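Input: a single structure, listed below in structure tokens.
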Amino acid sequence: MLTLGINAAFHDCAAVLVADGRVIAAAEEERFTHVKHGKRPLPFTAWQLPFHAIDFCLAQGGVTLADIDHVAYSFDPWEFDGFDRLLQAAPGDKAGDRRALPDSIALPLEPWRHPAPAGGSPWDPLFLAYIVNAPGQLRDGAPHHLKARFRLPPGEPRWQWHWVEHHLAHEASAFLAAPFDDCAVLTLDGRGEHVTTSAGHFSDGHFRRLAEVSHPHSLGMLYERITDFLGFLHSSDEYKVMALASYGTPRFRDQFDGMVSLDDHGGYTMKLPDRAGLEALFGPARERGGALDQRHFDIAASLQKTLEDAVLALAGWLHRQTGARNLALAGGVALNCVMNARLRDDGPFEHVWVQPAAGDAGTALGAALWADHCARGRPATHWRMEHALLGPEWSDDDIEAFLRWSHLSFRRCTDLAADTADLLVAGKVIGWFQGRMEFGPRALGARSILASPIPADMQQRLNDIKDREDFRPVAPVVLEDRCAEWFTAEQGGDDPAPFMLFVFKVRPELAARIPAVVHADGTARVQTVRADQNPRYHALLRAFEQRTGVPILVNTSFNTRGEPMVCSPRDALESFWTSPLDALVIGNFIVEKHGGGAS
Ligand SMILES: [Fe+2]
């Protein structure tokens, strides 16, 4: 049984293929189109399906669209809070049948000229029209160059279509991928159809939602609003605000606390100020690209603390309700690795696991896993996401053919780990392109830029290479069995961190040996790796340790500013030659810029 998961309603559009409970392929559309996040989360982009990601999933499975049994779309238009209003106004409203579509709805020709209805947007009709037509778009809308795998026989497609509520998709992406059979589940994002935060319990193959918070009350939206206020791109740059927070003190805490009111039922209400309201509280907003000063750091620190304390309180309530030992997290807010570390260190759960594609891309995973899980009768056991290497790969033969075709000088490795470690020990910064691409926003050793953490100037060099802000830290990857020697956590520090979604304290006595990866507050966003998760990456770390005594490398995503991570050999070569990277290790081949060998 084949299930195709699609996320397309907002942004981070992505596709996932599940075969009988096992994930075969997963990828974000941005990696193929080079448009970061695939598209902006705007109502007039809702029609765009991730055709390139779908095409990859079908190719990886060796199937075509005609072979798909279930399609799971991670948004349920009937749950959208504007839909009831539209249905009431629609001619032919089929009262009593909640799932019946009206023949038509009123669609303003120029929505932007219309005033917003109470609690809604003048764009809601267009947005909904796009969503409900996704099946037709999938059937007929594939671009010409992808048509081959999208051809269907005449008549209705054989697939069964599932509209999966957005937060159920986030939840399922956590509990059906986590290493737990029983867990509490928490999701937080900007918003879905109307839900913004949810809490539930997964046990014996069944999931029960225990609490939810609806729009306009949203911790995720608060973070987005402040991201925008601080001059960054909301729904994209929230991680930069998290990085800024460590330079500040939470002196605006009272102002933020005044916005969030926790209740006794696992929820909260929020008074979210508009731009003028925020300026009254915090002073002028920062213009994009403007200077950053202490006030900005303090705003970020206050926001971060408010978020952490609120989520800790929600987690405490959820723990009391469920008695569960484990917590699984998803939703865009769960990419906040400082918050995740607070949950691990100060929260009531023994183990905290975060699904690596926690943002909206992961809803394609959750929708597919949920539809598959239900169709198979909710079995008690489920697939476990041991790694995120679920994207496309290229064989050495393909890579060599491409390098020769490009008339590039390259050399074949005699020993991939040893040859690469030698480059890193010599202070080279390398592009590392190996195996299947990561699913989710973090580079995890498949499409990474790697460097030695030992030189003091390495963070600066990497920020120069990636043309990004100086305040941005770079992160370490460490052999899992060496992690505790270098990094500590107050609780749960023995749990692996394969997805780089938790910060750890760097042991103070060792911090001077790895200055490049130690953030201003003495922490590091750690990735742990085992041989079974990524053998080449693991072997490289071992080889580097043998040469230096340090089982750690700097790992950052293989891209340049504003670009998604590289996907194909062509992307890797283009990024390599248009940035100051020293070498590219691609499959079993090395390309260097400065007389590094010839074919
Ligand atoms: Fe979401």
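The values are calculated or read from the model by the stated rules, or taken from the named source; none is laboratory data. From a predicted model like this one, the values you see are computed outputs, not experimental measurements. Note: ideal-geometry Cβ built from the backbone for every residue, glycine included; neighbour counts use all protein chains shown.
Taking the numbered list (1) over 27 Å from Gln460 (Cα atoms); (2) of a type outside the set (S, T, N, Q); (3) at pLDDT 95 or above; (4) in a loop (DSSP other than H, G, I, E, B) in turn, Asp397 passes all entries but (4).
Let's see how each residue does on (1) within 16 Å of the ligand (Cβ to nearest atom); (2) over 23 Å from Ala8 (Cα atoms):
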site	(1), (2)
Tyr130	no, no
Leu138	no, no
Pro154	no, yes
His166	yes, no
Asp189	yes, no
His201	no, yes
Arg208	no, yes
Phe229	no, yes
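Check region 353-360 and report whether any residue there is within 16 Å of the ligand (Cβ to nearest atom), out of contact with any His (no Cβ under 9 Å at 6 or more places or on another chain) and of a type in the set (A, V, I, L, M, F, W, C). Within region 353-360, one or more residues are within 16 Å of the ligand (Cβ to nearest atom), out of contact with any His (no Cβ under 9 Å at 6 or more places or on another chain) and of a type in the set (A, V, I, L, M, F, W, C). Has region 294-303 got any residue that is closer than 19 Å to Thr197 by Cβ, outside the structural domain of Cys13 (by TED's automatic domain parsing), at pLDDT 95 or above and in contact with a Leu (Cβ under 9 Å, 6 or more places away or on another chain)? There is at least one residue in region 294-303 that is closer than 19 Å to Thr197 by Cβ, outside the structural domain of Cys13 (by TED's automatic domain parsing), at pLDDT 95 or above and in contact with a Leu (Cβ under 9 Å, 6 or more places away or on another chain).
The number of residues in region 27-45 being surrounded by 23 or more Cβ atoms within 10 Å (Cβ to Cβ) and either over 19 Å from the mean Cα position of the chain (by Cα) or modelled with pLDDT under 95 (or both) comes to 1. Taking the conditions exactly as written (touching a residue at least 40 places away in the same chain (Cβ under 8 Å) and over 23 Å from the mean Cα position of the chain (by Cα)), does Ala443 satisfy them or not? Considered against the rule, which asks whether it is touching a residue at least 40 places away in the same chain (Cβ under 8 Å) and over 23 Å from the mean Cα position of the chain (by Cα), Ala443 comes out as no. Would you check if Leu272 is touching a helix residue (DSSP H, G or I) at 6+ places or on another chain (Cβ under 8 Å) and at pLDDT below 95? Considered against the rule, which asks whether it is touching a helix residue (DSSP H, G or I) at 6+ places or on another chain (Cβ under 8 Å) and at pLDDT below 95, Leu272 comes out as yes. Evaluated against (1) of a type outside the set (Gly, Ala, Ser); (2) assigned by TED's automatic domain parsing to the domain that holds Arg320; (3) touching an Asp or Glu at 6+ places or on another chain (Cβ under 7 Å); (4) under 27 Å from Val23 (Cα atoms), His194 falls short on exactly one condition, (4).
In the set His387, His373, only one residue is away from the ligand (no atom under 16 Å from the Cβ) and touching a His at 6+ places or on another chain (Cβ under 8 Å); that residue is His373. Cβ-Cβ contacts under 9 Å between residues 6 or more apart (or on different chains), taken from a first residue in region 236-252 that is free of Cβ contacts under 8 Å to residues at least 24 places away in the same chain to a second residue that is among the aliphatic types (A, V, I, L, M), are listed as Asp237/Leu230.
Do you know which residues across region 190-226 are closer than 19 Å to Asp263 by Cα and charged (D, E, K, R)? Of everything in region 190-226, those that are closer than 19 Å to Asp263 by Cα and charged (D, E, K, R) turn out to be Arg209, Glu212. Could you say whether any residue in region 279-295 is within 16 Å of the ligand (Cβ to nearest atom) and of a type in the set (S, T, N, Q)? Within region 279-295 (the criterion being within 16 Å of the ligand (Cβ to nearest atom) and of a type in the set (S, T, N, Q)), the answer is no, since none of the residues qualifies.
Pairs meeting the criteria (first residue in region 192-208 and without any contact (Cβ under 8 Å) to a residue 24 or more places away in the chain, second residue within 16 Å of the ligand (Cβ to nearest atom) and of a type in the set (Ser, Thr, Tyr), beta carbons under 7 Å, at least 6 apart or on different chains) are lacking.
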